[in-house]
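See structure below.
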Amino acid sequence: MPSQLNVLLFGPQGSGKGTQAKRIAAEYDIPHVSTGDMFRDAIATQTPLGLRVKPILDAGELVPDELTIGLIRERIGAPDAHDGFVLDGFPRNIAQAEALDDLLGELDRPLTAVLEFLIPDELCIERLLGRAADEGRADDAPEAIARRLEIYHRETEPLSEHYRSTGKLVGVHADRSMDEVWAEIQQTLEQAVPA
């Protein structure tokens, strides 16, 4: 079996995860598995899942774990994810990380690298307000941004400790230009993947 590239990205909203995840996916020809994008697509197409998660996301809350894990199981089991995947937006807390560990263990799809995007809150807020203006995203209103950052620090940041113990955690300095961040990611992935 060819070596897989199974990458997990986490960091606060506005840290550039989505942009870099898409770049990793394109460069290594593996799917970008973004729970946020999957939920937004489900909402836009008004699927039963979309109708369930819309009020949750509109309120700035997190979608229940069992819905998200089911969605991920389905997605990384798809043929195009055979050689790997880039997971972005999940897990968001320790319970989800443990559920993901169980799922990946069951599927024999261990993570190759875990990239934590490190960036000051002020810069995230500035980027998200810019995105709100450009894309008109309702979830980028100032109150929603503040709430999501608060949830991130309380629930998601502890993933750092969880993944540090695996030896696969790498901090990415996400407060620089897209190309500088990309160069750091590429170097990390080249070292993580057995030739």
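The values are calculated or read from the model by the stated rules, or taken from the named source; none is laboratory data. Given the structure is predicted, the values throughout are model-derived calculations rather than measurements. For neighbour counting, all protein chains shown are included, and Cβ atoms are generated from backbone atoms with ideal geometry for every residue, glycine included.
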Odd one out for GLU116, checked against (1) farther than 18 Å from GLN4 by Cβ; (2) assigned to a helix (DSSP H, G or I); (3) in contact with a strand residue (DSSP E or B) (Cβ under 6 Å, 6 or more places away or on another chain): (2)
Scan of the range 63-93 for residues that are closer than 20 Å to HIS32 by Cα, assigned to a loop (DSSP other than H, G, I, E, B), modelled with pLDDT under 90 and within 17 Å of the chain's Cα centre (by Cα), ordered by number: VAL63, GLY89, ARG92
Qualifying residue in the range 38-56 (condition: more than 22 Å from ALA192 (Cα to Cα), in a helix (DSSP H, G or I) and in contact (Cβ under 8 Å) with a residue 40 or more places away in the chain): no
Selection count, the range 129-167, where residues are over 24 Å from LYS54 (Cβ atoms) and either among the hydrophobic types (A, V, I, L, M, F, W, C) or touching a Leu at 6+ places or on another chain (Cβ under 6 Å) (or both): 2
Test for ASP134: is it acidic (Asp, Glu), without any contact (Cβ under 8 Å) to a residue 60 or more places away in the chain and closer than 18 Å to GLY18 by Cα: yes
Conditions (1) surrounded by fewer than 19 Cβ atoms within 10 Å (Cβ to Cβ); (2) under 15 Å from PRO158 (Cα atoms); number of the one not met by ARG109: (2)
Candidates VAL170, VAL193, filtered to the one that is closer than 22 Å to THR112 by Cβ and either at pLDDT 95 or above or under 18 Å from the mean Cα position of the chain (by Cα) (or both): VAL170
Identity of the residue in the range 20-46, exposed (fewer than 13 other Cβ atoms within 10 Å of the Cβ) and of a type outside the set (D, E, K, R), that ends up modelled with the highest pLDDT: ALA26
